[in-house]
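Every number in this text was worked out from the coordinates using simple rules, so none of it is lab data. Quick caveat, the model's predicted, so the values are computed rather than measured. So basically every Cβ, Gly included, is an ideal-geometry build from the backbone, and we count neighbours across all protein chains shown.
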Amino acid sequence: MKVGIIMGSQSDLKVMSEAAQVLEELGVEYELTVVSAHRTPERMFDYATSAKQRGLAAIVAGAGGAAHLPGMVASMTSIPVIGVPVKSRNSIDGWDSILSILQMPSGVPVATVALDGAKNAGILAAKIVGVTDQKVSDNVEKFMQDMKDKVLTSANEIETDGWESKI
């Protein structure tokens, strides 16, 4: 199973590439493309309605401004959609994107991560894939253990060497 990563425009690529990077690290196959809810609605419709047949386990959808892409895609597919609000140049500090993705009507859920939180969206998508793919599940568990080890190493260094040497 693979994950779809879509964004409203190429200007979102800097943020959305973080989802691709973490999926690669976790051994999850993905596809990445631009699908605009407003400028290419037919493309969005085709992408969403064919996602399950193409073997996608989840879709990570990033959008800025009015951010309709994640919700519209979620309304057209039964697979999970993870929305990434993107702080774009025409954004109101990202709040327009956050609220557009977060405040979905009943019956059309979109899992929503933090503003510009594509890395977390990729991790969540990998966890979804990991439900049925043991290798991906093992990779996610190792990723989590590595984070834990890094924190414990930092704590030990500060406690042993003092905080002054870490600034």
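Side notes on the structure shown:
- Entry note, the chain: relative contact order of 23 percent, from Cα contacts under 8 Å with a spacing of 6+ residues.
- Positive-end ranking of Gly83, Ala37, Gly55 along the dipole of the chain, with charges on Cβ about the Cα centre, is headed by Ala37.
- Here's the list of aspartates and glutamates a cross-link from Lys166 could span, going by alpha-carbon distance under 12 Å and ignoring same-chain residues fewer than 8 apart: Glu157.
- Cα-based helix-to-principal-axis angle, 13-25 vs the chain, degrees rounded to 10: 60 degrees
- Relative contact order %, segment 74-167, counting alpha carbon pairs below 8 Å whose residues are six or more apart: 21 percent
- Counting only alpha carbon atoms, the long axis of helix 118-130 and the longest principal axis of the chain meet at about 80°.
- In order along segment 74-89, the Karplus-derived 3J(HN,Hα) couplings, from 6.51 cos²θ - 1.76 cosθ + 1.60 at θ = phi - 60°, round to 4, 6, 10, 9, 8, 7, x, 10, 10, x, 10, x, 10, 7, 9, 5 Hz, and Gly and Pro are given as x.
- Normalised per residue, the volume of the convex hull around the Cα set of the chain (Å³): 130 Å³
- Residue-averaged 222 nm ellipticity for the chain, from DSSP H runs of 4+ at -39500 (n - 2.57), nearest 500: -15000 deg cm²/dmol
- Residues Val73, Val60, sorted so that the one with the fewest Cβ neighbours within 10 Å comes first: Val73, Val60
- Within the chain: Cβ-based charge dipole about Cα centre, in debye rounded to nearest 20 (Lys, Arg +1; Asp, Glu -1): 620 debye
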